[in-house]
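Data block below; observations after.
Values quoted throughout were computed directly from the atomic coordinates according to the rules given, and no laboratory measurement underlies them. Everything quoted here is computed from the prediction, not taken from an experiment. Glycine also receives a Cβ, built like all others from the backbone with ideal geometry; neighbour counts cover every protein chain displayed.
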Amino acid sequence: MPPVKDAVDVAFVVAVALAAVTASGHAVIYKRDSRSAAIWVLVIWILPALGPVAYALLGVNRVERRAARMRRGMVRHRVDPQFPASEPGTHFTPLARLVGQVVERALCPCNAIDPLIDGANAYPAMLDAINRARTSIAMASYIFDGDGIGREFVLALGDAVKRGVDVRVLIDDVDARFSGSSAAKPLRKAGGKVAVFNPPFVPARLHALNLRNHRKILVVDGAVGFTGGMNVDSRYFSADAPESAYRDLHFRLQGPVVAQLMEVFADDWQFSSDEPLRGPKWFPPLAEHGAVLARAIEAGPDEAFERVRWAILGGLNAAQRSIKILTPYFIPDQSLISALNAAALRGVEVDIVVPESSDLPHVHWAMYGQLWQVLDHGCRVWSRPGPFDHSKLLVVDGAWTLLGSANWDARSLRLNFELNVECYSVELGAHLDGLIQARISGSKEITLATVDARRLPIKLRDGVARLFAPYL
């Protein structure tokens with residue numbers, strides 16, 4: 001019996017050693033961050049039996065691998081540009097080339113971009129476009145409530161179906177599955193075709209934290225587009241108490257760039273429903289509407305990995321005078337923190353506006369846990385009082401604008417599917433720069449002294465929350 005036991009012990013030791021070698025080798029080869037790789041190797045060898053198991057469960061990036069498999073073999077639809085590609089012809093020319101290399105889309109001339117401030121302005125404009133639709137409506141929303149303002153959208157889309165308009169609505173599975181007020185069922189009853197993005201094979205499995213479609217897209221007749229940060233959500237619109245509604249920014253787009261928004265929707269729709277959207281009903285010839293150079297930037301954890309992050313880094317590095325940021329969640333990674341600090345140190349005015357109150361307290365805590373890293377090098381951070389502000393906007397030198405759905409956190413920049421639009425226009429940039437400056441005027445500055453003055457329990461709470469920043 002003892003020889004058998006000895007053999008079992010030897011086999012166990014060999015198995016553990018092989019598992020540790022395999023796991024540590026995988027970490028050394030595939031981990032992007034050397035510090036992360038070093039920590040995992042240390043854990044694997046300090047806990048040789050549990051370390052490899054922990055690494056297999058927590059350390060392997062299955063999100064990116066699953067995302068890459070999601071659309072493998074799917075033919076993405078691209079229309080031929082109606083206008084020749086353009087460049088801004090300013091100090092942003094290298095930035096335009098960088099984004100072009102990363103995104104592989106042309107920079108479209110002759111666009112009009114109109115900001116729509118808060119639900120009080122955005123929802124009526126979107127409903128008006130839906131009510132005027134003649135041929136097609138394509139709409140994607142991360143959250144689509146069937147109550148409140150959402151009921152008006154359901155009715156308008158139902159009326160469009162009765163007029164003979166082809167209606168396609170894409171809702172993320174998290175909202176469709178877990179929200180008691182999702183518009184998915186009412187929309188289907190109204191006659192619209194509804195698809196759910198990336199539902200799990202096993203309904204009870206909560207993998208839904210990742211690989212979410214966070215994009216907000218509305219394209220009417222293939223010619224008028226809307227995008228930005230606003231969901232169809234009753235919290236953003238309250239006729240009885242408008243002063244309590246969440247605040248946000250949305251945008252109406254006209255011109256050639258609308259075809260790029262429609263391409264992104266068509267890809268997501270085909271992935272979710274197997275129905276290709278083709279032809280002039282969805283992709284009509286588009287006319288000139290303005291002087292803004294614009295380009296859609298789709299990003300996600302699949303082959304479009306980190307495109308928005310590259311655009312942000314390019315914009316920060318191109319800044320010569322000013323950087324103004326609106327974001328509801330500010331938890332940038334070290335590369336973005338370094339780019340912000342480098343800009344501030346070379347004399348660029350860097351202003352970051354965040355909401356005083358948040359709908360996600362743990363994310364707010366994590367933000368305060370690392371604010372000192374930008375405050376210590378000259379960036380200015382402002383806290384806007386009042387109802388939660390969900391606005392997402394980046395304006396550089398009053399001439400380059402990045403608008404859309406992405407937040408300054410790992411979930412948007414690594415784990416979700418996002419849609420942003422970059423715009424080259426002094427007129428639009430100056431207008432949005434002024435909008436942010438007006439918000440700064442009504443905000444309270446968060447200084448390094450303010451952050452340092454937090455009580456020890458608060459610092460510990462915020463510091464612990466910051467440890468989960470890669471997943472928030």
Paramagnetic reach from residue 241 in segment 378-394 [backbone N under 14 Å; point 7 Å along Cα→Cβ]
387-388
Could you tell me what % of all Cα pairs in segment 248-320 have separations over 20 Å?
48 percent
Would you please give the FRET efficiency between residue 54 and residue 278, computed as 1/(1 + (r/R0)^6) with r the Cβ-Cβ distance and R0 = 35 Å, to the nearest 0.05?
0.15
At 1.002 mPa s and 20 °C, Stokes D of segment 332-407 from Kirkwood alpha-carbon radius, µm² per second
159 µm²/s
With the dipole of segment 392-472 worked out from charges on the C-beta (+1 for Lys and Arg, -1 for Asp and Glu) around the Cα centre, which of 429, 415, 399 lies farthest toward the positive end?
415
Where does helix 456-466 land angle-wise versus the long Cα axis of the chain, in degrees 0 to 90, nearest 10?
80 degrees
Please report the antiparallel percentage of the DSSP beta bridges confined to the chain, to the nearest 5.
65 percent
CD proxy, 222 nm, the chain: helix-only mean residue ellipticity via -39,500 (n - 2.57) per DSSP H run with n ≥ 4, per residue, nearest 500, stands at -12500 deg cm²/dmol
With N residues in the chain, Rg(alpha-carbon) / (2.2 N^0.38 Å) equals 1.05
For a Förster distance of 56 Å, can you work out the FRET efficiency between the beta-carbons of residue 449 and residue 85, rounded to the nearest 0.05?
0.70
Taking the Cα centre of the chain as origin, work out the dipole magnitude from +1 charges on Lys and Arg Cβ and -1 charges on Asp and Glu Cβ, in debye rounded to 20.
900 debye
Label point 7 Å beyond Cα of residue 356 along Cβ direction - residues of segment 366-402 with amide nitrogen under 13 Å:
382-389
The extension gain from residue 29 to residue 338, computed as 0.36 nm times the residue separation minus the Cα-Cα distance, is 108.7 nm
Over the chain, calculate the relative contact order: mean separation of alpha carbon pairs under 8 Å at least 6 apart, over the residue count, as a percent.
16 percent
Taking a ≥ b ≥ c as the square roots of the Cα gyration tensor eigenvalues, with a/c under 1.5 meaning rounded and otherwise prolate when a/b beats b/c or oblate if not, segment 109-190 comes out oblate
Quick calc, residue 458 & residue 12: beta-carbon distance into FRET formula, R0 60 Å, rounding 0.05, result 0.80
Between residue 155 and residue 321, the two model label points (7 Å from Cα along the beta-carbon direction) sit apart by a distance in nm of 4.7 nm
At residue 132 and residue 288, where each label point lies 7 Å from the Cα along Cα→Cβ, what is the point-to-point distance in nanometres?
2.1 nm
Using only Cα atoms and rounding to the nearest 10 degrees, what angle (0 to 90) does helix 307-318 make with the longest principal axis of the chain?
80 degrees
Which log10 I(q)/I(0) values, to two decimals, does segment 313-362 give at q = 0.13, 0.16, 0.23 Å⁻¹ under the Debye formula with one point per Cα?
-0.33, -0.49, -0.86
Relative to the first principal axis of the alpha-carbon coordinates of the chain, what is the inclination of helix 149-162, with its axis defined by its Cα atoms, in degrees from 0 to 90 and to the nearest 10?
60 degrees
For residue 392, counting only lysines whose alpha-carbon sits under 26 Å away and dropping same-chain residues fewer than eight positions off, the answer is 216, 324, 444
